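This report refers to the structure that appears directly beneath it.
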Amino acid sequence: MRIRRSRWQSWLAILLGFGLTWTLHACQAAPVPPVGVTPTATPVVQAAVPPQPKPLPPATQAIVKRAGAKGLFQPERGDVRLIAISDLNSAYGSVDYEPEVATGIQLLPFWQPDLVLCSGDMIAGQDPTLPDVRFQEMWAAFDRVVAAPLRQAKVPFGFTVGNHDASSALGAQGQFLFQRERDATAAYWQNPAHNPGLTLLDQTHYPFYYTFQFQDIFVLVWDASSNTIPADQLAWVEQTLASPAAQAAKLRLVMGHLPLYAVSSRRNNFGDILNNADQLRALLEKYNVHTYISGHHHAYYPGHLGNLQLLHVGILGSGPRYYIGSDLPPRKSLTVIDVKFDNPALTTYTTYDLQTLQVVQPDTLPRAIAGVNGTILRRDVKG
């Protein structure tokens, strides 16, 4: 019995020693977490799934297919994407819009803009024979075709009034010749149901002149619905552009209907451009405005003079025009503006002919345009 007990004790000692050795090894292989830290399971890493683009509405898909086998060109997106449109109206008093207006609005889901800018002539007023009710009908048509789709898509809409919306032309006694149009315009835009979705800064004289901020972009809208901007409004412009809000922005834009310099042949006169254009340009340059955006001449032209960029937005409505001194065929167009804050140029343009759905190549446009009050150069041409 002693021999058996001795052997049993020996085997037990061997087993105990083996167990202790295995325990010590396991402790060294799996270190104990610090006090107060709860051990967690090793996470399972899964590959990131890129967000899927929203399917385009059927009407948008149909337009994209019309652009050709390769579809509609999609530019590289910037930090902020704007779309500039202008001159939407048809004949005096019309409540109908040209097909290109609907095409431009229906294509917005393709470009997915952050903000749409319109440089005027949203309706077809400036006719003293029209009854008051017609102005309400025209604004209702604009709302149905343009503004309501933008509100539904939650795309903010920045605008300036044109001569067909609310002309600021004055009569001999200093009165507005088109006061009825201005009243109708104010009634439409000051209706909360027609909120354009802007972050308004100074809205004292809204919708005729005002300011708004969009991300790092400061936009000043002045009333260029006739060829004269009054002195008191220009004093407001200078005070506003000098303000901390304007100067802190990464990009400053000014928008009005009439341009500073002429680009189209049948608008090459002093009634269709702003008076004192050189002085106005100097004012904008003084406060480092990057671009003046205008319409009225029914011709797209990306120009510059001095230190100011000049975007003449093309027409979507009726009446596209020839360039001064050029036989290039008129076109209807809109411009996609991609703002790139780290790019020295700050903005890049992609402009589409809304009838052919092709991109307008800048080098096909006149290198310079000499109008009645000065010569401007194409944006890519150094002066």
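Bear in mind that the values in this text are calculations on the coordinates, not laboratory data. Keep in mind that what you see is a predicted model, and the values were worked out from it rather than measured. Here the Cβ positions follow ideal geometry from the backbone for every residue, glycine too, while neighbour counts run over all protein chains shown.
Expected output is a single nm value to one decimal: the length gained when fully extending between GLN213 and ARG144, i.e. 0.36 nm times separation in residues minus the C-alpha distance. What is it?
Details: separation 69, 0.36 × 69 = 24.84 nm, distance 2.60 nm.
So the chain would gain 22.2 nm between GLN213 and ARG144.
Annotation note: trypsin sites (Lys or Arg not before Pro) in the range 227-314 located in DSSP loop regions with a Cβ neighbour count of at most 11 within 10 Å are absent. So in the chain, what percent of DSSP beta bridges are antiparallel if you round to the nearest 5? Of all bridge pairs located within the chain, approximately 65 percent are antiparallel.
For the range 63-94 versus the range 349-379, the inter-centroid distance based on Cα atoms is 16 Å.
In a reduced charge model with +1 at each Lys and Arg Cβ and -1 at each Asp and Glu Cβ, the range 68-378 shows a dipole moment near 480 debye about its Cα centre. To the nearest ten degrees, helix 277-286 and the longest principal axis of the Cα atoms of the chain are 20 degrees apart. Within the range 284-359, DSSP assigns beta bridges of which about 75% are antiparallel (rounded to the nearest 5).
For the ranges 291-297, 174-180, 156-162, what's the packing order if you count other beta-carbon atoms within 10 Å of each residue, average per peptide, and put the highest first? Can you show the working numbers first?
Details: 291-297: 28.0, 174-180: 14.1, 156-162: 24.7.
In decreasing order of mean packing, 291-297, 174-180, 156-162 become 291-297, 156-162, 174-180.
Rg and Dmax over the alpha-carbon atoms of the range 231-380 stand at 15.4, 46 Å. Under 17 Å of direct C-alpha separation, and excluding same-chain neighbours fewer than eight residues apart, LYS340 reaches these lysines: LYS250. Protection proxy ranking of 118-130, 356-368, by the mean of other Cβ atoms within 10 Å over each peptide's residues and highest first, is 118-130, 356-368. Overall size of the chain from C-alpha positions, given as principal axis extents largest first: 136, 48, 47 Å.
Site pair GLN203 and THR356 shows an inter-label distance of 4.3 nm when each label is modelled 7 Å from Cα along Cα→Cβ. Each 5 Å bin from zero up to the one holding the largest Cα-Cα distance in the range 146-273 carries the following percent of pairs: 2, 10, 18, 21, 20, 16, 10, 3, 0.
Would you calculate, for the chain, the mean residue ellipticity at 222 nm contributed by helices, counting each DSSP H stretch of 4 or more residues as -39,500 (n - 2.57) and dividing by all residues, to the nearest 500? The per-residue figure over the chain is -8000 deg cm²/dmol. Here's the picture: charge each Lys and Arg Cβ at +1 and each Asp and Glu Cβ at -1 in the range 255-322, and of GLY317, ASN307, LEU260 the one pushed furthest to the positive end of that dipole is GLY317. Here the label points at THR228 and SER326, each 7 Å from Cα along the C-beta direction, are separated by 3.2 nm in the simple model. Candidates TYR349, ALA231, TRP189 compared by Cα position along the dipole of the range 68-378: farthest toward the positive end lies TYR349, with charges placed on Cβ.
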